[in-house]
Each structure stands twice: as C-alpha cells, then as structure tokens.
Amino acid sequence: MSTPLRDEYRRARRLFAESRVPLLVVALGAGMVCALAVVFAKILDNVLDGDGVTAWDLPVSRWCAEHREPVLTTVMRALTEVGNPPVLAALTAAAMVVVMVRGRSLAPVVLGAFAFGGYLMMVVTVKLAVERPRPPLPERAIAANGSSFPSGHAAGVAAVALVSVWLITREGPKRRWIRAIAWTTAFVLIAAVGFSRVYLGVHYPSDIVAGWVLGAGWAGVLFVAGTAATPLWRGHSLGRRHCRP
C-alpha cells in the first residue's frame, strides 16, 4: 500500500474510532428501510392483482371528485406544484446550500443530490414496469400523463423533505422547538402534496401511499449511509484539516 493510501486508511480508522459511530442508529435505520421495502412490495402486489388496498382507490377518487370546492381546488393546484421535479430540484439545492454553509462540508450536498436523483430514477423505473392507468378522465381536475403508480410527487417530496430537514437540523439550530417545527412542517408538506394528487384526480390513494413509502425508504437509505459516513465528512470539512492530537 502506497504512503498516501496508508495515511488515508489510518486517518479514516482514527476518525471512526474517535467518533464512535452510533451503530445502533445505523441498525435501526437499516431495519426501517427493510420494513418499508416489505410494505412497498405488498402494495405493488395489491396493485398488480387488483385487490387489497386498491379496493378503496376508485371510491375515494370518486368521492374527492364529487366534493371539490373552487377555492380548495385552487389551493390544491398550487400545492401540487411543490412535487414537480424542477421545484424539488430548486428546493433541494437551496437546502443543501444552507447545510454546506453551516456545516462547511460538501458531503451533505452529495446526499441531497442522491436524494433527488435517486427517487427520480426509482419512480421512473417502477412506472415503466407497472404502467398503471391513471384515474378516469372525468375525475381529473388537472392534466397528467404517464403511469399512475407510484406517485412521483409523493415520493419526491417525501425523499427530499426528509433528507433536507434531517441534514439542516443536524447542522443547524440545536433548540428542540425549532427542530420540532422543521419536522412538523416536513410531514405536513408530505401529507398535503400527497392529498392534493388524489383530490385533483390524477392518482389513486394506493399510488400516494406507495410513493410515500418509496420516498421514505430512499431517505432511510441515505440516513444510514450518511450516519455511517459522518466521521469521514467531518474529517473533510471545508476550510478545516483534521490533525493528529
């Protein structure tokens, strides 16, 4: 092993030893990801077989279509735009700039890029594989193309919001009430965007739940990876050098 590689290896071992990576947190995160994968597989099986949770899809979609109100429809149209990929990309970039400035590290930015790019690739792949038709045209309040399952808006907002808030609260304010507000805002936004897709008639409820599960699962993967790699990115903080004690 060359000297630079040997030094890098020793530095990595020292950082991990000093930081004591919370292995329990990593293990719990991995368990959560596995559980979400099982849930997603079950929903997918229901969609392919047309049973289980899908029994509620058409009744709920029709109920929403029959109970639309002009003002609420306007609000839902505006809210659903948050889940569009260009908007999510802008929100991700803004959040990662905040994290990079506060944490003086490029590693969280990489996690943010993976959050956005990863969810998009998974959603496109599953959509092409499943090709589920969207709800009937008479029930739609806005135009929508492509496969219905899973909801890309639901998956994207879940993945980006969860990863962004985790990184911001990790590097940002330490006051619990500020963190509580940040997490509450994220969950409310995730729920609201998901509901807007069903309300506007472009997705079935099972599409939304599957999107939430997919996005949360991907966020969980990045949480596990980010937690495990924390010593390395702390050691490569911008404007700092890790020196031997």
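Restricting attention to region 54-78, the residues that are β-branched (Val, Ile, Thr) and under 12 Å from Tyr199 (Cα atoms) total 4.
Considering only residues of region 148-175 that are under 14 Å from Arg102 (Cα atoms) and of a type in the set (Lys, Arg), which is modelled with the highest pLDDT?
Here is the first cut: in region 148-175, the residues under 14 Å from Arg102 (Cα atoms) are 164-174.
Those still in the list that are of a type in the set (Lys, Arg) too: 170, 174.
Details: Arg170: 78, Lys174: 69.
Going through the qualifying residues, I end up with Arg170.
Within region 141-157, residues that are farther than 16 Å from Ala78 by Cβ have Cβ atoms under 7 Å from residues that are of a type in the set (Asp, Glu) in these pairs: Ser147/Glu131; Ser148/Asp207; Phe149/Asp207; Pro150/Asp207; Ser151/Asp207, counting only partners at least 6 apart in sequence or on another chain.
Let's see how each residue does on (1) farther than 21 Å from Val163 by Cβ; (2) at pLDDT 80 or above:
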site	(1), (2)
Leu5	yes, no
Ala30	no, yes
Cys34	no, yes
Arg62	yes, yes
His67	yes, yes
Pro70	yes, yes
Thr73	yes, yes
Leu79	no, yes
Leu91	no, yes
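Could you go through region 215-222 and let me know if any residue there is small (Gly, Ala, Ser) and in contact with a Phe, Trp or Tyr (Cβ under 6 Å, 6 or more places away or on another chain). Among the residues of region 215-222, at least one is small (Gly, Ala, Ser) and in contact with a Phe, Trp or Tyr (Cβ under 6 Å, 6 or more places away or on another chain), which makes the answer yes.
With the condition kept exactly as written, say whether any residue in region 71-81 is of a type in the set (S, T, N, Q), within 23 Å of the chain's Cα centre (by Cα) and either surrounded by 15 or more Cβ atoms within 10 Å (Cβ to Cβ) or more than 17 Å from Ser206 (Cβ to Cβ) (or both). Walk me through how you get there before you give the answer.
So the first thing to find is which residues in region 71-81 are of a type in the set (S, T, N, Q), and the list is 73-74, 80.
Among the residues that remain, those that are also within 23 Å of the chain's Cα centre (by Cα) are: 80.
Applying the additional criterion that residues be either surrounded by 15 or more Cβ atoms within 10 Å (Cβ to Cβ) or more than 17 Å from Ser206 (Cβ to Cβ) (or both) yields 80.
The answer is yes; a qualifying residue exists.
Among the numbered conditions (1) over 20 Å from Ser147 (Cβ atoms); (2) surrounded by 14 or more Cβ atoms within 10 Å (Cβ to Cβ); (3) over 25 Å from the mean Cα position of the chain (by Cα); (4) among the hydrophobic types (A, V, I, L, M, F, W, C), the only one that Leu58 does not meet is (1).
Checking Thr80, Thr92, Thr73, Thr125 one by one, the residue that is within 22 Å of Ile190 (Cα to Cα) and without any contact (Cβ under 8 Å) to a residue 12 or more places away in the chain is Thr125 and no other.
Take region 114-146 and flag every residue that is within 12 Å of His203 (Cβ to Cβ), surrounded by fewer than 17 Cβ atoms within 10 Å (Cβ to Cβ) and at pLDDT 90 or above. Of everything in region 114-146, just one residue is within 12 Å of His203 (Cβ to Cβ), surrounded by fewer than 17 Cβ atoms within 10 Å (Cβ to Cβ) and at pLDDT 90 or above, namely Pro133. A search for C-beta distances below 7 Å between a residue of region 37-55 that is closer than 15 Å to Ala216 by Cβ and any residue that is of a type in the set (Ser, Thr, Tyr) and at pLDDT 95 or above, counting only pairs 6+ apart in sequence or on different chains, returns Ile43/Ser206.
Please verify whether Val110 is free of Cβ contacts under 8 Å to residues at least 12 places away in the same chain, surrounded by 14 or more Cβ atoms within 10 Å (Cβ to Cβ) and either in contact with a His (Cβ under 8 Å, 6 or more places away or on another chain) or not aromatic (Phe, Trp, Tyr) (or both), treating the condition exactly as stated. Can you show your working first?
Numbers: free of Cβ contacts under 8 Å to residues at least 12 places away in the same chain: yes; surrounded by 14 or more Cβ atoms within 10 Å (Cβ to Cβ): yes; either in contact with a His (Cβ under 8 Å, 6 or more places away or on another chain) or not aromatic (Phe, Trp, Tyr) (or both): yes.
Against the criterion (free of Cβ contacts under 8 Å to residues at least 12 places away in the same chain, surrounded by 14 or more Cβ atoms within 10 Å (Cβ to Cβ) and either in contact with a His (Cβ under 8 Å, 6 or more places away or on another chain) or not aromatic (Phe, Trp, Tyr) (or both)), Val110 qualifies.
The values are calculated or read from the model by the stated rules, or taken from the named source; none is laboratory data. The shown structure was predicted, so the numbers you read here are calculated from the model rather than taken from an experiment. All Cβ positions, glycine included, derive from the backbone under ideal geometry; neighbour counts span all protein chains shown.
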